[in-house]
1. Compute from the Cα atoms of the chain the Rg and the Dmax, the latter being the longest Cα-Cα distance, and quote both in angstrom.
2. Per the chain: cysteines with no other Cys C-beta under 4.7 angstrom?
3. Taking amide hydrogens as modeled 1.01 Å from N in the peptide plane, which residues meet the under 5 Å criterion relative to residue 97, leaving out close sequence neighbours?
4. What full-extension length gain, to one decimal in nm, is calculated for residue 356 and residue 331 as 0.36 nm per residue of separation minus the Cα-Cα distance?
5. Which percent of the accessible area of segment 221-314 is formed by carbon and sulfur heavy atoms (probe 1.4 angstrom)?
6. Please work out how much length the chain gains when fully extended from residue 434 to residue 296, using 0.36 nm per residue of separation minus the C-alpha to C-alpha distance, in nm with one decimal.
7. Tell me, in nm to one decimal, what length is gained between residue 201 and residue 51 on full extension, where the rule is 0.36 nm per residue of separation less the Cα-Cα distance?
8. So how far apart, in nm, are the two label points at residue 396 and residue 248 if each is 7 Å from Cα heading toward Cβ?
Amino acid sequence: MATFSIENFGCRATEADAAALRRELLAGGLTQSGEHASADVVVLNTCTVTAAADSQAREAVRKIYRVNPGARIVVTGCYAQRAPEELAAIQGVAWVVGNSHQAEIPGIVRGFASRPGTADFVPAAALDDDPMSLARGAAKILTGDIFAQSTVQIAPATLMAGDRTRPILKIQDGCNNRCSYCVIPFVRGSSRSLPPDEVIAEVRALMGAGAKEIVLSGINLGSYGRDLAPRAALGEVVRRILDETGLDQLRFSSIEPQDVTEDFVALVASSGRLARHFHIPLQSGSDRILRAMHRWYRSGHYAERVNLVRRLLPDAAIGADVIVGFPGETDADFRATVEFIERLPFTYLHVFSFSERPGTAAASLGYGVPLQTIREGARALRDLAQRKSDAFRAAQAGRAVRALTLARGGDNWTEALTGNYLKVRIPGSHPANEWHEVVM
Ligand code: SF4
């Protein structure tokens with residue numbers, strides 16, 4: 001029986017894609033190998049959000065080819081969609097399949113079988129250089145117009161051993177915004193949503209498989225439902241999940257500031273089954289830079305949304321993404337970002353160094369910020385973020401909250417996650433996916 005391994009790079013949306021691929025390959029009769037070194041087929045689901053993500057994927061291919069030269073390496077995901085030739089040129093790559101054709105991968109893998117319908121593979125090394133064969137020689141490329149995608153690919157909802165304790169349900173994909181630094185719309189296509197009835201069905205199926213918390217995810221989650229006829233909205237489908245399922249807890253991946261409406265925050269405040277956790281990408285605290293980023297808000301609007309969350313949810317986690325070193329960013333812009341973050345009740349930050357992405361508007365701006373300046377800025381923001389999360393955790397002292405155990409722990413303790421996104425240690429060794437009352 002042929003084996004496969006799969007590795008995912010990048011965000012929750014790609015993690016959901018990798019989960020979908022894995023289930024299709026298992027359903028196709030392959031068995032999953034825990035390591036690339038012994039797999040017949042290795043699938044890499046790549047990210048291209050930064051230059052670092054690209055080089056990580058290239059390095060992964062080289063490493064796999066070194067330890068397992070007989071494997072068929074199939075590279076897919078956002079990097080494969082953006083620059084298939086770059087990946088196809090790396091030794092050991094058999095196929096490069098863009099996001100546009102990811103659903104074809106199980107069929108391609110079945111095609112590796114020496115006898116149709118079987119999962120018996122001839123090791124790549126044994127194949128001759130026949131260009132028609134799937135052997136060594138030039139990698140095959142299968143990509144197409146990502147904007148031709150009209151549906152959301154989702155993972156059949158089954159929880160497998162080793163799966164996340166808190167499964168991700170991707171209900172939206174793609175993005176219609178055009179932030180000047182962002183390559184995502186060009187590799188994931190236009191915004192598209194999973195119809196509400198299917199969302200409810202997926203939630204029920206994941207609950208049936210044992211899920212107690214589900215993370216609702218998308219590339220631009222807040223734009224959920226705008227492409228559907230009849231039009232829907234994130235708040236609506238969340239209300240249906242609360243009304244039509246018994247799910248213990250629903251958490252949201254990041255939501256753009258303009259979609260953090262009073263109605264939506266009030267909905268979260270109205271139910272103990274919605275995690276007190278908002279992740280709202282900021283990117284910069286300087287209006288001059290926000291304008292150059294083609295972001296849909298200015299610092300004042302953003303502050304209103306964060307303060308709205310804090311007012312209606314005094315103990316909520318509030319996190320943000322911030323980019324350091326956007327082209328043309330001056331010391332004054334950076335100071336504006338630091339002072340802005342200091343003024344607002346953030347509880348954690350994800351700090352990114354600007355990475356020029358081919359094909360984006362920002363790539364042709366010039367005025368690059370020196371690397372050393374970016375590094376120092378990123379360090380300063382991470383220190384600020386640490387102070388903010390320490391202060392938030394300290395402010396929780398004495399509060400009784402419930403936490404869901406995760407599949408991590410040590411000698412006589414188990415890690416768990418609270419609704420407001422704090423990791424806690426519970427005494428004793430407990431299985432994952434159990435609720436515990438804890439006093440912070
Ligand atoms: S909202 Fe902006 S940053 Fe986010 S995926 Fe869309 S274009 Fe990229």
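The values are calculated or read from the model by the stated rules, or taken from the named source; none is laboratory data. Because the structure is a prediction, the values reported are computed rather than measured. All Cβ positions, glycine included, derive from the backbone under ideal geometry; neighbour counts span all protein chains shown. Heads up: the accessible areas ignore ligands, DNA and RNA and are worked out on the full protein's heavy atoms, side chains in. Shrake-Rupley method; radii C 1.70, N 1.55, O 1.52, S 1.80 Å.
1. 22.6, 69
2. 11, 47, 78, 175
3. The answer is 75, 76, 142.
4. 7.0 nm
5. The value for segment 221-314 is 51 percent carbon and sulfur by accessible area.
6. Details: separation 138, 0.36 × 138 = 49.68 nm, distance 4.01 nm.
In short, 45.7 nm is gained.
7. Between residue 201 and residue 51, full extension yields an extra 50.2 nm.
8. Using points 7 Å along Cα→Cβ, the separation is 1.6 nm.
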